[in-house]
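Novice: Sharing a structure, written as structure tokens. Questions coming.
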2 protein chains.
Amino acid sequence: MIKVQVVLSPALLHLFDSKNKNVVVIDILRATSTICTAIAHGALSVKPVNNTDDALILKGSGYLSAAERDGHKLEGFDMGNSPFECMNGAVLGKKIALTTTNGTKCITAATIAGAANVLSGSFLNITALANFLKADSRDVILFCAGWRDRVNLEDSLFAGALVNRLVSKDELDCDSALMVMDLYHRAKSNLGLYLEQSSHYKRLSRLHHQEDMEYCLQSDVIDIVVGLKKGEMVNMA
Amino acid sequence: MIKVQVVLSPALLHLFDSKNKNVVVIDILRATSTICTAIAHGALSVKPVNNTDDALILKGSGYLSAAERDGHKLEGFDMGNSPFECMNGAVLGKKIALTTTNGTKCITAATIAGAANVLSGSFLNITALANFLKADSRDVILFCAGWRDRVNLEDSLFAGALVNRLVSKDELDCDSALMVMDLYHRAKSNLGLYLEQSSHYKRLSRLHHQEDMEYCLQSDVIDIVVGLKKGEMVNMA
């Protein structure tokens, strides 16, 4: 039986033992959805970097530079943090250096915490990811990126969807996992409608990212698993 | 309209501005339920203290000393952290110095954070508490004590029950508040059965505190509001 625990905020990661576990980083709107999309659309890798300077330095080494803060694409970079920027051949055969408000920092934090694998969580490839986790059989930490350390609805909801695919309720010994599983059951009939309440959904709506959000809430349009190898997110196959 | 926010763990309190707000400390199993019970049963006050030494020093000044760690009553103290120890005249006219694993620390933290009022949350007096908060009309922080900084089910659920009494869903701009409100709606038909899943319920069951838990999950058996005045929890009337 796989032990599954849920970390609802980066400020709580230190309470959990991530060593030698599969850690799934979850930033549904939009970093980890965009990373999965980039790799599915032929990018060689996405390197998470913690600041814009590092992204620009890597641009000098042939990477596409991608930077987002507070929902905005930053000036002077090749891309922001929208999955649609990864389509139509735009990233085919390219390496990307990405920095975002929440998600990319969590990939670094999970690495430092000693995870066996750091994986990118998204509804887009949830079945492929669940199958990978079940086959690998290591214990699992679902690590919600949240919003500036606050708990958010969309990452919690995805954690619930994934818990639901991995274990039954009576196998859980983590209250956060129980909570998000129940949230998911409450919301699953219409995730989009449910998430219209969330603070980040409202924030991105004001910034006209409606199309991004609708895309990110689709299940199983991607059939690969994306995880960290040598500091870059790649196809785990 | 009252703005209501929910802090799911003490490790997240610093992300919220508690200044001049009504902060409700929530440690349902059992500290804040026991504090309400003590005052309802005639204790003059309950002074939250952060360590056992302070409780023993106050014992020398005529306080009843009460100490609990990890669900156990500590040796050498007058009381542990069970609401039943406060009944049948045991605390009538007495002052109590209480230290517990989670709850009493949170009362101190809310005070340091600048709360206008630090109130004790419990199902036992939820209607009286909700009426106080609505009449006072300051913004509200519902502060879940959790378990050693981890999010727990019972405190989250109570936060949801109280949010539900204070505002409607479309008035919320806090994802944690939305989450706990939905949890509450899922669990409300049988709180006891729902909480049998929780890790602390299981922990206290192993320690034979079943009766305490059944007591703490009753609604509206107490009609007073308990909050901090001059460093001691007292009847706010």
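The values are calculated or read from the model by the stated rules, or taken from the named source; none is laboratory data. Computed from a predicted structure; not experimentally measured. Cβ sites come from the backbone with ideal geometry, for glycine too, and all protein chains shown count toward neighbours.
Novice: What number of residues within region A:119-166 satisfy the criterion of being among the acidic types (Asp, Glu) and touching a Cys at 6+ places or on another chain (Cβ under 7 Å)?
Specialist: Qualifying residue count, region A:119-166: 1.
Novice: Which pairs do you get when a residue that is farther than 14 Å from B:Gly103 by Cα, found in region B:57-85, comes within reach of a residue that is among the basic types (Lys, Arg) and in a loop (DSSP other than H, G, I, E, B), reach meaning Cβ atoms under 6 angstrom, with the pair 6+ apart or on two chains?
Specialist: Sorted first by the residue in region B:57-85, then by its partner, the pairs are B:Leu64/B:Lys94.
Novice: Among the numbered conditions (1) of a type in the set (Asp, Glu); (2) within 11 Å of chain A (Cβ to nearest Cβ); (3) part of a loop (DSSP other than H, G, I, E, B), tell me where B:Asp223 comes up short.
Specialist: Failing condition for B:Asp223: (2).
Novice: Quickly run through region B:167-187 and pick out the residues that are more than 10 Å from chain A (Cβ to nearest Cβ), surrounded by 13 or more Cβ atoms within 10 Å (Cβ to Cβ) and over 19 Å from the mean Cα position of the chain (by Cα).
Specialist: Within region B:167-187, B:Val167, B:Glu171 qualify.
Novice: Read through the list (1) in contact (Cβ under 8 Å) with a residue 40 or more places away in the chain; (2) at negative phi, then give the number of the only condition that B:Gly89 fails.
Specialist: (2)
Novice: What's the total number of residues in region B:154-201 that are of a type outside the set (A, V, I, L, M) and touching a strand residue (DSSP E or B) at 6+ places or on another chain (Cβ under 9 Å)?
Specialist: 12
Novice: How about region B:128-166: which of its residues are of a type in the set (Gly, Ala, Ser), in contact with a helix residue (DSSP H, G or I) (Cβ under 8 Å, 6 or more places away or on another chain) and away from chain A (no Cβ under 11 Å)?
Specialist: B:Ala130, B:Ala145, B:Ala159, B:Ala161
Novice: Here's something else I'd like to know. Out of all the residues in region A:105-150, which are surrounded by fewer than 21 Cβ atoms within 10 Å (Cβ to Cβ), of a type in the set (A, V, I, L, M, F, W, C) and in contact with an Asp or Glu (Cβ under 6 Å, 6 or more places away or on another chain)?
Specialist: Scanning region A:105-150 gives a single hit, A:Ala128.
Novice: Of everything in region A:1-26, what is within 14 Å of chain B (Cβ to nearest Cβ) and not hydrophobic (A, V, I, L, M, F, W, C)? Give them in sequence order.
Specialist: Listed by number, the residues that qualify are A:Lys3, A:Gln5, A:Ser9, A:Pro10, A:His14, A:Asp17.
Novice: Given region A:106-217, what helices (runs of 4 or more DSSP H) lie entirely inside it while holding 3 or more residues that are in contact with a His (Cβ under 9 Å, 6 or more places away or on another chain) and modelled with pLDDT under 95?
Specialist: The helices (runs of 4 or more DSSP H) meeting that bar number zero.
Novice: Okay, next question. Go through (1) within 14 Å of another protein chain (Cβ to nearest Cβ); (2) within 28 Å of A:Asp223 (Cβ to Cβ); (3) assigned to a loop (DSSP other than H, G, I, E, B) one by one and return the number of the condition A:Asn81 breaks.
Specialist: Going through the list (1) within 14 Å of another protein chain (Cβ to nearest Cβ); (2) within 28 Å of A:Asp223 (Cβ to Cβ); (3) assigned to a loop (DSSP other than H, G, I, E, B), A:Asn81 breaks only (1).
Novice: Looking only at region A:56-112, count every residue that is more than 17 Å from the chain's Cα centre (by Cα) and among the aromatic types (Phe, Trp, Tyr) and tell me the total.
Specialist: 2
Novice: Okay, next question. Restricting to region B:56-72, name every residue that is crowded, with 16+ Cβ neighbours inside 10 Å and either among the charged types (D, E, K, R) or closer than 25 Å to B:His208 by Cα (or both).
Specialist: Result: B:Lys59, B:Leu64, B:Ser65, B:Ala66, B:Ala67, B:Glu68, B:Gly71.
Novice: Residues of region A:212-237 being in contact (Cβ under 8 Å) with a residue 40 or more places away in the chain, over 12 Å from A:Val118 (Cβ atoms) and not small (Gly, Ala, Ser), which ones?
Specialist: Answer for region A:212-237, where residues must be in contact (Cβ under 8 Å) with a residue 40 or more places away in the chain, over 12 Å from A:Val118 (Cβ atoms) and not small (Gly, Ala, Ser): A:Asp212, A:Met213, A:Tyr215, A:Cys216, A:Leu217, A:Gln218, A:Asp220, A:Val221, A:Ile222, A:Asp223, A:Ile224, A:Asn235.
Novice: Further, regarding this structure: So A:Thr101 ticks every box in (1) closer than 23 Å to A:Ala43 by Cα; (2) at pLDDT 95 or above but one. Which box is left unticked?
Specialist: Single failed check for A:Thr101: (2).
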